[in-house]
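A.B. asks: Before anything else, here's the structure in question.
All of the numbers you see were taken from the coordinates with simple rules; none came from a lab. Keep in mind the model is a prediction, meaning the values are calculated, not measured. Cβ sites come from the backbone with ideal geometry, for glycine too, and all protein chains shown count toward neighbours.
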């Protein structure tokens, strides 16, 4: 069993508490499902959010999912000119038999544009 880090992100349509919780919950669940992980395999999750996200802590969504014994941390994303607005990112540390090449990183909604360079990534974009 190895320790792996899995990246993910989602973009909010608006900085509204219920919407943030919905999108963050979707992100956490999708990362777990795409990598066939259970909550018992989680070591920790670091969440970041852009400066324009202030309606709720993204980690609250993970707590609401029942992750009460997993260390969670929220931080601010760097403010870079031209970066996507209203983005919540996560870095999930897990114990798994997956190789680094087999880990699926998850980018949902508008955040799918962030990591087009990854070859093993699951994305979901908004309909146009």
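A.B. asks: When only residues in the stretch 52-61 that are over 12 Å from the mean Cα position of the chain (by Cα) and surrounded by 18 or more Cβ atoms within 10 Å (Cβ to Cβ) count, which is nearest to residue 13 (Cα to Cα)?
C.D. replies: 53
A.B. asks: Oh, and also: Going through the stretch 1-51 one residue at a time, which ones are within 20 Å of residue 79 (Cβ to Cβ) and surrounded by 14 or more Cβ atoms within 10 Å (Cβ to Cβ)? Even if it seems obvious, please write down each step before you answer.
C.D. replies: We begin by selecting, within the stretch 1-51, every residue within 20 Å of residue 79 (Cβ to Cβ); these are 7, 9-12, 14-15, 20, 46-51.
Across the stretch 1-51, the qualifying residues are 7, 9, 10, 11, 12, 15, 20, 46, 47, 48, 49, 50.
A.B. asks: Looking at residue 66, is it within 19 Å of residue 33 (Cα to Cα), out of contact with any strand residue (DSSP E or B) (no Cβ under 9 Å at 6 or more places or on another chain) and in a loop (DSSP other than H, G, I, E, B)?
C.D. replies: On the way: within 19 Å of residue 33 (Cα to Cα): yes; out of contact with any strand residue (DSSP E or B) (no Cβ under 9 Å at 6 or more places or on another chain): yes; in a loop (DSSP other than H, G, I, E, B): yes.
Yes: the conditions hold for residue 66.
A.B. asks: Something else now. Taking the condition part of a helix (DSSP H, G or I) and touching a residue at least 12 places away in the same chain (Cβ under 8 Å), does residue 59 pass? Steps first, answer last, please.
C.D. replies: Working: part of a helix (DSSP H, G or I): yes; touching a residue at least 12 places away in the same chain (Cβ under 8 Å): yes.
In short, yes.
A.B. asks: Let me ask something else. Does the stretch 97-116 hold any residues that are crowded, with 17+ Cβ neighbours inside 10 Å and not in a loop (DSSP other than H, G, I, E, B), and which are they?
C.D. replies: Scanning the stretch 97-116 gives 105, 106, 107, 108, 109, 110, 111, 112, 114.
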